[in-house]
1. Could you grab the pairs with beta carbons closer than 7 Å, sequence gap of 6+ or different chains, first residue in the range 248-277 and closer than 18 Å to T207 by Cβ and of a type in the set (S, T, Y), second one part of a helix (DSSP H, G or I) and modelled with pLDDT under 95?
2. Within the range 310-347, track down each residue that is part of a strand (DSSP E or B), among the β-branched types (V, I, T) and more than 24 Å from D378 (Cα to Cα).
3. Going through the range 398-421 one residue at a time, which ones are buried (at least 16 other Cβ atoms within 10 Å of the Cβ) and closer than 19 Å to M188 by Cα?
4. Residue by residue through the range 321-338, note down the ones that are of a type in the set (D, E) and either crowded, with 16+ Cβ neighbours inside 10 Å or within 15 Å of ligand 2 (Cβ to nearest atom) (or both).
5. Just need a number here: residues in the range 307-320 that are surrounded by fewer than 24 Cβ atoms within 10 Å (Cβ to Cβ) and at negative phi.
6. Taking D241 as meeting all but one of (1) without any contact (Cβ under 8 Å) to a residue 12 or more places away in the chain; (2) charged (D, E, K, R); (3) farther than 20 Å from R63 by Cβ, write down the number of the exception.
7. Yes or no: R176 in the same structural domain as I53 (by TED's automatic domain parsing), farther than 28 Å from D238 by Cα and either more than 15 Å from the chain's Cα centre (by Cα) or of a type in the set (D, E, K, R) (or both)?
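The values are calculated or read from the model by the stated rules, or taken from the named source; none is laboratory data. In this text, all values refer to a predicted model and were calculated from it rather than measured experimentally. Glycine also receives a Cβ, built like all others from the backbone with ideal geometry; neighbour counts cover every protein chain displayed.
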Amino acid sequence: MRLTRYFLPVLKENPAEAQIVSHRYMLRAGMIKQQAAGIYSWLPLGFKVLKRIEQIVHEEQIRAGHIPLLMPTLQPADLWRESGRYDDYGQEMLRIKDRHERDMLYGPTNEEMITDIFRSHVNSYKDLPLTLYHIQWKFRDEVRPRFGVMRGREFLMKDGYNFDVDRDAALHAYNRHMVSYLRTYERMGLTAIPMRAASGPIGGDNTHEFLVLASTGESEVFYDDAVTDLKLGNRTVDYDDRDQVKAICDEFTTLYARTDETHDEALFNAVPEDRRKVGRGIEVGQIFYFGTKYSESMGATVVTADGSRVPVEMGSHGIGVSRLLGAIIEASHDDKGIIWPEGVTPFHAGIVNLKQGDAATDAACEAIYAALKAKGLDPLYDDRDERAGAKFATMDLIGLPWRVTVGPRGLANGLVELTSRRTGESEEMTAEAAVDRIAQIYEGV
Ligand code: ATP
Ligand code: MG
């Protein structure tokens with residue numbers, strides 16, 4: 001993309017309404033525009049990152065054997081009357097009447113609807129295990145929408161639902177989700193710690209939240225510092241192997257890590273004192289095992305091997321897709337702007353032309369731009385007629401991990417400069433070497 005042909009409405013001033021850094025940078029980098037409290041338009045740069053995050057979520061869900069579908073945002077109230085949650089949910093639920101005076105709602109989550117789909121089409125244990133998920137907009141009329149996309153009213157969530165014949169199979173589905181989530185967050189450059197949580201309105205007793213440590217997080221967290229060193233890395237996981245999947249979950253949940261709702265002072269005190277940490281975290285996902293809570297009230301049953309009919313065992317599992325943009329920025333920025341991890345960056349590299357209009361410099365930039373595209377990469381070429389300082393400031397703000405700087409002085413020696421946004425370190429090399437280096441970096445991403 002050439003910047004002169006893009007739509008990147010960056011702001012020079014710090015927006016007064018933004019209290020935390022991710023919100024401030026998302027507004028300044030022209031990623032989002034607020035349309036009403038907690039409701040945003042996703043401008044091109046923000047939309048690009050949102051799509052990349054969504055893509056990683058899809059890939060990891062499909063890798064775990066989960067099946068994508070798409071349910072609507074609007075739901076009939078009657079489904080929620082069946083489960084008993086229509087009255088329980090309270091003011092967070094946006095209730096709507098259609099022209100026939102039928103009660104509708106904008107879905108805050110989809111347990112009821114997925115259970116309805118299941119009971120309409122599945123009858124036998126032979127069709128299990130089954131996990132269906134979608135990535136769809138949700139609406140929750142939060143009392144206090146704030147911090148930009150972190151606590152919106154309309155937000156994008158991945159929500160998945162497992163259906164299993166018995167408790168053991170359902171617990172395996174729970175564990176499978178935990179491992180797939182760990183992988184998902186790691187690919188986004190995040191450390192998200194699974195913490196034992198309280199279940200809230202969804203119900204059930206087996207639940208973990210995934211928290212990204214950040215001083216601006218809304219949850220108070222208590223943890224053994226050693227949990228922050230745990231990494232999945234690139235080990236191969238066989239998601240059908242119950243023992244392997246469980247062993248990974250045990251590895252990630254044995255050390256103490258809890259939110260304030262489940263915090264246990266006595267257990268915490270057993271952690272060696274120098275590793276005992278109290279901090280704040282951003283909830284980027286949550287998994288629940290709730291058994292037959294919905295299947296019983298809504299009549300979702302299966303015939304088992306011995307011919308009896310039982311309510312299906314279920315769980316639900318959510319990732320805050322749009323909230324993740326904020327969480328990633330909270331975890332990865334400096335005083336000049338965002339620092340995107342390679343896994344989610346909106347463009348793979350920026351090209352800065354220091355002397356727009358100079359024939360040789362323009363030609364060198366065009367060649368680098370074409371070479372990066374030929375390698376399947378997506379570069380952003382700052383071809384504006386602007387001073388170098390302004391171009392650098394924009395690149396630093398929007399946070400592309402790699403920048404190629406091209407000017408007449410370097411070109412006289414056949415060299416350009418490759419700069420890492422994260423370390424700030426620059427290296428001079430030929431344009432070909434810079435292109436190869438960038439391509440190599442993204443090979444493993
Ligand atoms: P919170 O405690 O932050 O209100 P929740 O526990 O009610 O969230 P879940 O029902 O677990 O939310 O939803 C799954 C995920 O969706 C959460 O882990 C979070 O990342 C995201 N999420 C929930 N509410 C919002 C919101 N208002 N804005 C953006 N993302 C949200
Ligand atoms: Mg939650």
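1. none
2. Passing the criteria: V310, I319.
3. I398, G399, L400, P401, W402, R421
4. Once the filter is applied, which keeps residues that are of a type in the set (D, E) and either crowded, with 16+ Cβ neighbours inside 10 Å or within 15 Å of ligand 2 (Cβ to nearest atom) (or both), the range 321-338 yields only E330.
5. Qualifying residue count for the region: 4.
6. Result: D241 passes all but (3).
7. no
This table checks each residue for (1) within 20 Å of P145 (Cβ to Cβ); (2) within 16 Å of ligand 1 (Cβ to nearest atom); (3) free of Cβ contacts under 8 Å to residues at least 40 places away in the same chain.
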| residue | (1), (2), (3) |
| --- | --- |
| M314 | no, yes, no |
| G318 | yes, yes, no |
| E330 | yes, yes, no |
| W340 | no, no, no |
| V344 | no, yes, no |
| A349 | no, no, no |
| K355 | no, no, no |
